[in-house]
1. Take segment 99-115 and flag every residue that is part of a strand (DSSP E or B) and in contact (Cβ under 8 Å) with a residue 60 or more places away in the chain.
2. From 77, 71, grab the single residue that is surrounded by 11 or more Cβ atoms within 10 Å (Cβ to Cβ), closer than 14 Å to residue 31 by Cα and modelled with pLDDT of 95 or more.
3. Working carefully through the options 46, 87, find the one that is within 18 Å of residue 110 (Cα to Cα), modelled with pLDDT of 95 or more and loosely packed, with under 14 Cβ neighbours inside 10 Å.
């Protein structure tokens, strides 16, 4: 018990963010939600299973002064304006805020979904 309290105290004193074990899972799901909202035909969306989606604390220097920033990379199949199913790969950067909500910082499409 003392070891845990000491670790938390040191972490808080030096401003190191406390990362919960399931934050990477939440980051994956939140990114899928942000992607879903930007699709032409969201009802047709089929996402890569969460277990296969990558998510990790960002290493991008652009976000180095911010805490709890995550990158997630995955893909989604969805219909375009012509009804064709298209696979689009994305990289999403999100930040977990102190109130446990998430903020989208960046969304990059490796292959822009056809509108």
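1. Within segment 99-115, the first condition is being part of a strand (DSSP E or B), and the residues that meet it are 102-109.
Once the filter is applied, which keeps residues that are part of a strand (DSSP E or B) and in contact (Cβ under 8 Å) with a residue 60 or more places away in the chain, segment 99-115 yields 102, 104, 107.
2. Values: 77 fails: closer than 14 Å to residue 31 by Cα.
71 is the lone residue from the list that is surrounded by 11 or more Cβ atoms within 10 Å (Cβ to Cβ), closer than 14 Å to residue 31 by Cα and modelled with pLDDT of 95 or more.
3. Values: 87 fails: modelled with pLDDT of 95 or more.
After applying the criteria, what remains is 46.
The values are calculated or read from the model by the stated rules, or taken from the named source; none is laboratory data. Just so you know, these numbers come straight off a predicted model, no measurement behind them. We place every Cβ from the backbone using ideal geometry, glycine too, and count neighbours over all the protein chains shown.
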